[in-house]
1. In the stretch 440-463, how many are buried (at least 17 other Cβ atoms within 10 Å of the Cβ) and either part of a strand (DSSP E or B) or not assigned by TED's automatic domain parsing to the domain that holds residue 482 (or both)?
2. Which of the residues belonging to the stretch 37-61 are more than 15 Å from the chain's Cα centre (by Cα) and closer than 19 Å to residue 113 by Cα?
3. Scan the stretch 599-606 and give yes if some residue there is at pLDDT 90 or above, loosely packed, with under 15 Cβ neighbours inside 10 Å and more than 48 Å from the chain's Cα centre (by Cα), otherwise no.
4. Report, by residue number, each residue of the stretch 392-450 that is over 30 Å from residue 527 (Cβ atoms) and within 20 Å of the chain's Cα centre (by Cα).
5. Exactly one of these conditions fails for residue 369: (1) free of Cβ contacts under 8 Å to residues at least 40 places away in the same chain; (2) buried (at least 20 other Cβ atoms within 10 Å of the Cβ); (3) assigned to a loop (DSSP other than H, G, I, E, B). Give me its number.
6. Of all the residues that make up the stretch 464-490, how many are in contact with a helix residue (DSSP H, G or I) (Cβ under 9 Å, 6 or more places away or on another chain) and surrounded by 15 or more Cβ atoms within 10 Å (Cβ to Cβ)?
7. Test each condition in (1) in contact with a strand residue (DSSP E or B) (Cβ under 9 Å, 6 or more places away or on another chain); (2) surrounded by fewer than 20 Cβ atoms within 10 Å (Cβ to Cβ) for residue 417 and report the one that comes out false.
């Protein structure tokens, strides 16, 4: 029974396991806080690379609180962005992935709305009653800030450049990446941003000073910035050591100093150096967080054994400088001190700013600056600079590479030890990544104009090209100039493309060191159809006006004239018309036909000019459905009753003979018998909506001619309760015989609706 019990338990557990797996999979695929992005824009992804998105892409939160942007439901279209960040929308609008605090210049914090569009209004951003005021600071997350102001960037007190509304991403060691105007830059060093003389943001220390008010930005949600978060035991140890050093220095006498100096001289003779601290590089002084080192060879003039022991315990750059300064107090001539102002890593280069403190002019020769790849341990590039130089740029680096700088300089204290050497290793830094930003300016059926720029500047470029890829796999290359390379962007005019075809762009950069960098590709952009008629229809309005509507578009041609051709469907004879009103995509006309009802065939005719050659071309589009043209109106002219006279039988017979000779096509007998002073009744009837008012004009022209029509009578009529419009006038026999007549119908605004001819 026992094995049976185990089998039953296993069988019962299998469905539960399957259900759990399905539920877990569904849970992991769930999407929360979905937002359809309202416009195109850019955002930094989770690796701090520029990511472009399009209107209609979806922003959502996953089950584990990751923020993602996707084009659709396919996995390969998903891009992860930082959990709390800014989406830069078109027209300078902003959107935040979640609710975050904004701190104004008074230190007052309020919450911003997540996933809502903040539109720029003057110097502020607004969403309903929520505002990001000028000079306010938005704290997105620990060590991530957005400053809503223009400012001047300083590193180590040195002015670097102007920035506008920067996004500040501070790493744990205090270095800062700045993102503004779709460009990013990175700096290692103490950074401050000066809005004006009264307003200064200290990015490295996360403080904001406005006049006498100092706002601790780290207090809004905390921070893990190692530059400003110091452990208590470390602080106590530092204070204790400083007290011991002070006591030791005060106990020494002049005799002891002399004796110590004599011992130092003997020791230096056997060790072949002064400031020795055996580390990774042999004779190095440690000058960075854990891995930064410095070394000096030669006579220190103090106690080298004690100095070496102390230097081995030093674990940061500031402490190294402090120790060298302490040693210099014991020397007649000082060892020169090199101070690193800042390091600005680019994509393929790194700029370093430094200075010397050399009061006794003991620095000699040139300074060697090398950049070392920490992955391979190899020196990538070396520069030799003079003592008067304060900046150096080292090139030949790779994007997203980890490096450090090594400084080697020499000095001579004027002792018998001669020239001595100091080595110093900087903190590690990572070069920037680079992304291409593609912005479509205009599209035709055979061309595209796209602005292409880089979000970071690249040095030592040999050549840059844009690969244009077609959907079928075909591709070609276009060269781009210096504007593209230096970060300003370049407008690329791509021609000879195929209509209705998808194209992608990809920037490819060839470096002088032989490396090729293939950047991100653009979205798919489609050329337009060369010439397209999206819709075409014709109908008869309630006012009996024929209306032709069309939606025609061409990127290659411009319409000069749009007309309509009408034909009688029965005999294919041409039917003239008069245009009542014409505007883009709409022609309203009144057919000129003496038929009360007729089936009309219509054709749209567009006369155009080609944009780039001025060549003329006519496009003709038959309208598929016939137009059943029914006037619902009659116009008759008949003899006024009771005006005939008794003529002889002979006259009647002659009339009958004349009628026979003319095949029966003659006037009615009553008109023949009418006296010369007879009158005729003109009767007009029309069926319309009850109560509506119209104006009619009775027009005439010389009988049997194509002369223009002239109005001789005008009346305003109103349809009765049954919708009948009725009018009658009397004319003489002479007027009847010498003119042709028609009735023109107008609405109360004077717009023509109908021509009705005599039956």
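The values are calculated or read from the model by the stated rules, or taken from the named source; none is laboratory data. If you're wondering where the values come from, they're calculated on a predicted model, not measured in any experiment. Using ideal geometry, Cβ is built from the backbone for each residue, glycine included, and neighbour counts are taken over all protein chains shown.
1. 7
2. Hits for the stretch 37-61 are 58, 59, 60, 61.
3. Scanning the stretch 599-606, I find at least one residue that is at pLDDT 90 or above, loosely packed, with under 15 Cβ neighbours inside 10 Å and more than 48 Å from the chain's Cα centre (by Cα), so the answer is yes.
4. Of the residues in the stretch 392-450, the ones over 30 Å from residue 527 (Cβ atoms) are 392-433.
Answer for the stretch 392-450, where residues must be over 30 Å from residue 527 (Cβ atoms) and within 20 Å of the chain's Cα centre (by Cα): just 433.
5. (3)
6. Applying the first criterion (in contact with a helix residue (DSSP H, G or I) (Cβ under 9 Å, 6 or more places away or on another chain)) to the stretch 464-490 yields 464, 466, 488-490.
Applying the additional criterion that residues be surrounded by 15 or more Cβ atoms within 10 Å (Cβ to Cβ) yields 464, 466, 489-490.
Of the residues in that region, 4 qualify.
7. Residue 417 satisfies all of (1) in contact with a strand residue (DSSP E or B) (Cβ under 9 Å, 6 or more places away or on another chain); (2) surrounded by fewer than 20 Cβ atoms within 10 Å (Cβ to Cβ) except (1).
Conditions tested, residue by residue: (1) more than 21 Å from the chain's Cα centre (by Cα); (2) over 21 Å from residue 196 (Cα atoms).
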{"site": "90", "(1), (2)": "no, yes"}
{"site": "105", "(1), (2)": "yes, no"}
{"site": "110", "(1), (2)": "yes, yes"}
{"site": "117", "(1), (2)": "no, yes"}
{"site": "151", "(1), (2)": "yes, no"}
